[in-house]
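Each remark here refers to the structure printed beneath this line.
FYI, it's all coordinate maths here, none of it is from the lab. It should be emphasised that the depicted structure is a prediction, and the values quoted were computed from it without experimental measurement. Positions of Cβ are generated from backbone atoms using ideal geometry, with glycine treated the same way; all protein chains shown enter the neighbour counts.
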Amino acid sequence: MDDVRLRLSGVSKTFPAQRALSDVDLEVRAGEVHALVGENGSGKSTLIKVLSGFHRPDPGSRIEVDGVGLDPGNPAGSLAAGLRFVHQDLGLVDELGAAENVGLSAGFEGKLGRIAWRAHRARVRDLLARVGVPVDIDRPAGRLAAVERSAVAIARALDDRHGTPKVLVLDEPTAALPPAEVDRLMQVVRGLRDRGVSIIYVSHRLGEVLGVADRLTVLRDGRSLGTFSTEGMDEAALAELIVGREVSEVGDRAGLTPVPPDARPVLSVGDLRTDLVRGIDLTLREGEVLGVAGIAGSGREDLAEALAGAAPATMALTAGGVTTTGQASVARARQHGLALVLPNSHPACAVREQSVAENIGLARPTAVARRGWVSRRREHAVAREWIERLGVSPRDPARPYGLLSGGNKQKVSLARGLIGAPEVLVLDDPTSGVDIGARQSIYALVRGLAASGTPSVVCSSDLDDLVGMADRVLVLVDGEVVEELEGEDVTEARLLAAMARRRPVPVGALAEMGGER
Ligand SMILES: Nc1ncnc2c1ncn2[C@@H]1O[C@H](COP(=O)(O)OP(=O)(O)OP(=O)(O)O)[C@@H](O)[C@H]1O
Ligand SMILES: [Mg+2]
């Protein structure tokens, strides 16, 4: 067919230690949303980096845009051919606004080194209007909502200063987005498609893939299993294609046994306050997984780090029969037996340059030391145990952390939390970027830990996490708990409804605000 916009034939990529892509064929049509799915480490990001020219593919690989061959491993060539990219980390400078962020990569209006600011700003506004999300272009990117940040990154990719964008590649654009903003982004994607842009969409969220994509290609171990129409496909069938075996439904609560109401409290937190959280109380009982839900800005995003002392907070904390009060600190949290598991997108999550073994060992040096010195052999042996237990791939303790795929980074992050044998685990977005198989092993692991003596507090923007793991969920709105759901009541619909609630506005407050709204 001649409506093929992008064609890959026999694309392979061999890294020094391994082959990440083997003989991949892929055709993306003009004006379609084409999803790229596969387990962690299956080669999705590598394929995208080959397209962008960041990686040079093996000899014999061929890439064509509108029938014209592309010079492999040449970023300027990819750009000129109309390929555009929004990488998972977005690559925005947090201190700068949209105007500068777009200019820095797509170029500024103006001549002879003088920036024509008025024209440039008008251009950026126009690009954002095309994306369809209103953004204050002077507000530093670090202070924008997640969907606004994505919009800036997409606007930047759509800039046509270097030719018309033909194919827009989005690598896990929703991994950090709350549900309402995901819907918004889906609309943006459909709008772009309807204007003839082809979209390559990478995501581990199967519902989202089936909702937005026309067709999808499945990668497994660097090979393509083929391209399929999404029409009539359901999540179970897609999960089976990706993993290669039957997968029980995500968010299935069948295996959750209720915590007895008289279960002993393991952790009590009183009057927890942060910038966003306005004095909440919570109790975690023996055997329990306590979920925390809330949209961006609700305080949910602060809570895990605050509890574990990694963000400024005050509270009264009771655990192990001891109560402490005042400022949160890591030392204080440790003293109470709390360990924090950060999402792999967090800068403090791990040291990129160091190996998997070093990263795991650093989280608890005494576990890998002999007579006060870190023993490399011991460190590798301990890391190997965690690699096996959590299914980190590749199974190589010496591999630099930074070279792992996103989902495998997340597994290392879990190992770092667990190695200290904590009394209570505090998890922040524990499945960000993990594939469907790993997601289920993380759910099983967290539930298993709770049953065997280590209960958890799980703060997540992903409702599947809460439905799949939590016995009970606190829903935050504007820094306060507006609802507590338990057992059968923990459903996606109930969570969404509670998250969308507003705190009642006190009588008279509207008048003070000038009577607007
Ligand atoms: N620069 C590199 N050097 C060596 N190996 C690499 C490099 N980049 C990726 N790999 C390896 O190639 C394989 C494919 O990784 P890739 O990042 O493409 O996976 P992915 O499908 O994007 O996974 P995820 O869903 O976790 O993001 C992995 O085994 C990874 O460890
Ligand atoms: Mg990836």
Inset, instruction - Name the aspartates and glutamates eligible as straight-distance cross-link partners of Lys111: C-alpha to C-alpha under 12 Å, and not fewer than 8 places from it in the same chain. - result: none
Inset, instruction - Would you mind getting the Kirkwood hydrodynamic radius of the chain from its Cα pairs, rounded to one decimal in Å? - result: 24.5 Å
Legend entry - At most 14 other Cβ within 10 Å, DSSP loop - trypsin sites (Lys or Arg not before Pro), segment 92-173: Arg161
Legend entry - Folded to 0 to 90 degrees: helix 406-418 orientation relative to the chain principal axis, Cα: 10 degrees
Legend entry - Pair Asp281, Asp478: separation of 7 Å Cα→Cβ label points (nm): 2.2 nm
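Sort 372-380, 290-298, 276-284, 452-460 for me by packing, meaning the mean count of neighbouring Cβ atoms within 10 Å per residue, highest on top.
Working: 372-380: 14.3, 290-298: 24.0, 276-284: 18.3, 452-460: 21.4.
Ranked from most to least packed, the peptides come out as 290-298, 452-460, 276-284, 372-380.
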Inset, instruction - Specify the angular offset, from 0 to 90 degrees and rounded to the nearest 10, of the alpha carbon long axis of helix 179-194 from the longest principal axis of the alpha carbons in the chain. - result: 10 degrees
Inset, instruction - At q = 0.12, 0.13, 0.21 Å⁻¹, work out log10 I(q)/I(0) for segment 1-141 with the Debye formula, treating every Cα as an identical point scatterer and leaving solvent out; two decimals please. - result: -0.64, -0.73, -1.23
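Sort 185-198, 302-315 by packing, meaning the average of other beta carbons within 10 Å per residue, with the highest value first. Don't jump to the answer; show the numbers that get you there.
Numbers: 185-198: 17.1, 302-315: 22.8.
Output ranking for 185-198, 302-315: 302-315, 185-198.
Could you order peptides 256-262, 486-492 by the average number of other Cβ atoms within 10 Å of their residues, highest first? Could you put the intermediate results ahead of the total?
Numbers: 256-262: 12.4, 486-492: 14.0.
Top to bottom by mean Cβ count within 10 Å: 486-492, 256-262.
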Legend entry - Three principal axis lengths of segment 272-325 [C-alpha, angstrom, descending]: 33, 24, 18
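Explain nothing, just the number: relative contact order of segment 62-151, from Cα pairs under 8 Å at least 6 residues apart, as a whole percent. Before the final figure, lay out each step's value.
Details: 77 pairs, mean separation 25.1, N = 90.
It rounds to 28 percent for segment 62-151.
Before anything else, pin down the relative contact order of segment 92-144: Cα pairs under 8 Å, at least 6 apart, normalised by residue count, whole percent.
On the way: 53 pairs, mean separation 28.8, N = 53.
Once normalised by length, the contact order is 54 percent.
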Legend entry - Charge dipole magnitude, Cβ of K and R +1, D and E -1 - the chain, Cα centre, debye nearest 20: 1820 debye
Legend entry - In degrees, nearest ten, helix 436-451 long axis to first principal axis of the chain (Cα): 10 degrees
Legend entry - Farthest toward positive dipole pole in segment 344-421 [+1 Lys/Arg, -1 Asp/Glu at C-beta], among Gly372, Ala348, Tyr401: Gly372
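Just how many % of Cα pairs in segment 110-212 lie over 24 Å apart, if you round to the nearest whole percent?
Tail of the P(r) past 24 Å holds 26 percent of the pairs.
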Inset, instruction - Report the relative contact order of the chain, percent, no decimals, based on alpha-carbon pairs under 8 angstrom and at least 6 residues apart. - result: 15 percent
Inset, instruction - Give the cross-link partners of Lys49 among the lysines, using a straight C-alpha distance below 26 Å as the criterion and excluding same-chain residues fewer than 8 apart. - result: Lys13, Lys166, Lys409, Lys411
